[in-house]
Amino acid sequence: MADSSVTSNTAQQSGGGMAIYSDLPTTITGSTFSGNQATDDHGGGLYLASNSNNPGEVVLHNVTVVSNAAAGTGGGIYTNNTSVRTKNTLIAGNSATGQGNDLVGSFVSDGYNLIGDSGPAGGFTDGVYGDQVGTSESPIDAKLEPLSDNGGTTLTHRPRVLSPIIDAGDLWDSQRVDQRRVSGIANATEVTTFRYRSPDHVIVKNADDAESVFAADVDGDGDIDVLSAS
């Protein structure tokens, strides 16, 4: 599944946005799960489960899971007997009547994720592999605008100017387009399916006729370092 928005759905049982019961590998990239509800059970955004002794791996890459709700546990994502890997993924601002506003289950981080409230979930450590991880006592506000048409064929959440996801993604990620199929630039690869562009993130060609410039904040001082121009 790629470049999709799963929004405003309701399930009486598990998986308000989507329920995946699979023993085969599954990959979701550049997609948004928002405003979905599991009214009687778990996994407001996603319910990922398997009954197999050798379950297939689920990979979430550049995925946004926000504003989902569950009457049970795991407002954002609930996993059961499934290996789930995440990278450049945002899971925040979800709610559950039971435990785990954002997550329930075990996860493997491939880095550069933002987790608003890790709750009882395992696999994420704040500051490790570029992850930003909040807790139930101190959740991280992703500072996103409401779901809207920001271009492309699907609805997305645009990050606000002070969003912690800006400039927080993997600078070397080979997937250089966002959910809208807009090409990313090196200093704006955030952990979401929408790449933020503001006047502060514009690089123009100079008098030497450079056709492309690759830049990044390599040393972490807040200033953009030009790595190459051609």
Out of all the residues in region 81-96, is one or more of a type outside the set (Lys, Arg), in contact with a Ser or Thr (Cβ under 8 Å, 6 or more places away or on another chain), at pLDDT 95 or above and over 25 Å from TYR129 (Cα atoms)? yes
Check on ASN150, over 20 Å from VAL63 (Cβ atoms), under 18 Å from the mean Cα position of the chain (by Cα) and modelled with pLDDT under 95: no
Among the numbered criteria (1) under 19 Å from ASN9 (Cα atoms); (2) open to solvent by less than 50 Å² (accessible area, probe 1.4 Å), which one does GLY98 miss? (1)
Considering each residue of region 113-139, count those that are assigned to a loop (DSSP other than H, G, I, E, B) and either among the β-branched types (Val, Ile, Thr) or open to solvent by less than 50 Å² (accessible area, probe 1.4 Å) (or both), and give that number. 14
Restricting attention to region 145-158, the residues that are surrounded by 13 or more Cβ atoms within 10 Å (Cβ to Cβ) and either among the polar types (S, T, N, Q) or touching a strand residue (DSSP E or B) at 6+ places or on another chain (Cβ under 6 Å) (or both) number exactly 6
Is it the case that region 105-112 has a residue that's open to solvent by 20 Å² or more (accessible area, probe 1.4 Å), touching an Asp or Glu at 6+ places or on another chain (Cβ under 7 Å), in a loop (DSSP other than H, G, I, E, B) and closer than 23 Å to ALA71 by Cβ? no
Selected residue (only one of ASP3, ASP102 is touching a residue at least 40 places away in the same chain (Cβ under 8 Å) and of a type in the set (Asp, Glu)): ASP3
Out of all the residues in region 51-83, which are farther than 13 Å from ASN94 by Cβ, of a type in the set (Gly, Ala, Ser) and open to solvent by less than 10 Å² (accessible area, probe 1.4 Å)? GLY56
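The values are calculated or read from the model by the stated rules, or taken from the named source; none is laboratory data. Worth saying up front: this structure is predicted, and the values here are computed from it rather than measured. We place every Cβ from the backbone using ideal geometry, glycine too, and count neighbours over all the protein chains shown. For the accessible areas, the whole protein counts, side chains as well, though only heavy atoms, and no ligand, DNA or RNA atoms are used. Shrake-Rupley method; radii C 1.70, N 1.55, O 1.52, S 1.80 Å.
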